[in-house]
Every structure is written in C-alpha cells, then in structure tokens.
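A short write-up of the structure that comes next.
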Amino acid sequence: MKRYIILILAMVFAGVTLQAQSYKVVVNSENPVSSVSSAKLSKYFLKKSAKWDNGNKVIPVDLSSKSDVRSQFSKAVHGKSVGSIKSYWQQYVFAGKGTPPVEKKSDAEVIEYVKRNPGAIGYVSAGADVSGVNVLSIN
C-alpha cells in the first residue's frame, strides 16, 4: 500500500494525471472515419491537412476560447495553450493563408454544426449528448 501511495505522489509531482479524457471528438454521421491519431487531429484543427481520406474537405469547429474543454483539448492534441493556438491563427490570418476554425459557444452548437456539415469535425465535453454524430477514438 505504501508503494502505491508513493507512486501516486510521484506521478502527481511529475505532472501526470489519472483523469479520464475530458472531451469527445465528433464527426458527421456520414463520415466513415472511426479513429484518428492525435497528430492528424492537430493537423485538421490547424488546417495543415485539409482533406479526409475520402477526398472530402475537413471543416474543423472549435469551442469558445474561454471553454475549459478547449483548453484541455489544445493541451492534449496540440501540446499548446489556447493562447498559443490563437497566436498561431493571428499569424496565419496576417500572412493571408486563411482563417481559423469557426467557434461555437456550447457543446450543443458544436453538435448541430457537425450534423449540418458532412466534412465537419469538432470536440465536446465528455458528458455531452452526441446523438446524431459519430465519436472518434483517438490513438
């Protein structure tokens, strides 16, 4: 028992958390993709990869920059803070390369957007109702 306590404390001090994933990645129900790597997911949201394997356009949708879920998603997928990602987009826009993903205020708005757009990909909180969309596993 003492070893387990020491191991848990060591993990906490090392910055390792024992939390389950706090978000779900969702796509339109017509999208045949069932899993995605974190690296590919980052490319989709940074618009460095613009097409799905079937040739359809990828349409990423973000939660509001004030969202805790967005903060967790950004750290887990991009390895960066929301502020760093916003800086990336400011440079991207200034260089005339395009625009950042659309932002939605709530899980429900992200789900509705993904339902209406066949190439859409978004993320919502782990407890969100994901009826009508497909949830991707992240590998």
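Just so you know, all these numbers are worked out from the coordinates, no wet-lab data involved. What you see is a predicted model, and the numbers here were worked out from it, not measured in a lab. Methodologically, a virtual Cβ is constructed for each residue, glycine included, from the backbone with ideal geometry; neighbour enumeration extends over all protein chains shown.
Identify, among S81, S35, G96, the residue whose Cα sits farthest towards the positive end of the charge dipole of the range 23-138, taking +1 on the Cβ of Lys and Arg and -1 on the Cβ of Asp and Glu, with the dipole about the Cα centre.
Comparing the listed Cα positions along the dipole, G96 ranks first.
According to the square roots a ≥ b ≥ c of the eigenvalues of the Cα gyration tensor, what is the shape class of the range 78-139, taking rounded for a/c under 1.5, prolate for a/b larger than b/c otherwise, and oblate for the remainder?
prolate
Can you list the residues, at least 5 places off or on another chain, whose amide H is less than 5 Å from the amide H of Y23, using H built in the peptide plane?
Here A126 satisfy the definition.
Could you give the alpha-carbon Rg of the chain over 2.2 N^0.38 Å, rounded to two decimals?
Relative to the rule-of-thumb radius for its length, the chain sits at 1.15.
Starting from the Cα-Cα distance between K80 and A39, subtract it from 0.36 nm times their residue separation and give me the gain in nm to one decimal.
Details: separation 41, 0.36 × 41 = 14.76 nm, distance 1.29 nm.
Fully extending the segment from K80 to A39 adds 13.5 nm.
Compute the relative contact order of the range 23-138 as a whole-number percentage, counting only Cα pairs closer than 8 Å that sit 6 or more residues apart in sequence.
Answer for the range 23-138 is 49 percent.
What ranking, highest mean first, results for peptides 108-121, 50-63, 88-101, 29-42 when packing means the other Cβ atoms within 10 Å averaged over each residue? Display every interim value, and only then the final one.
Details: 108-121: 19.0, 50-63: 16.1, 88-101: 11.9, 29-42: 14.3.
Highest-to-lowest ranking by the protection proxy: 108-121, 50-63, 29-42, 88-101.
Obtain the nm distance between the two label points defined at K66 and V135 by a simple spin-label model: each point lies 7 Å from its Cα along the Cα-to-C-beta direction.
Placing both labels 7 Å beyond Cα along the Cβ direction yields 2.8 nm.
Only four residue types carry charge here, +1 at the Cβ of Lys and Arg and -1 at the Cβ of Asp and Glu. Report the dipole size of the range 23-138 about the Cα centre in Debye, rounded to the nearest 20.
Magnitude of the dipole: close to 480 debye.
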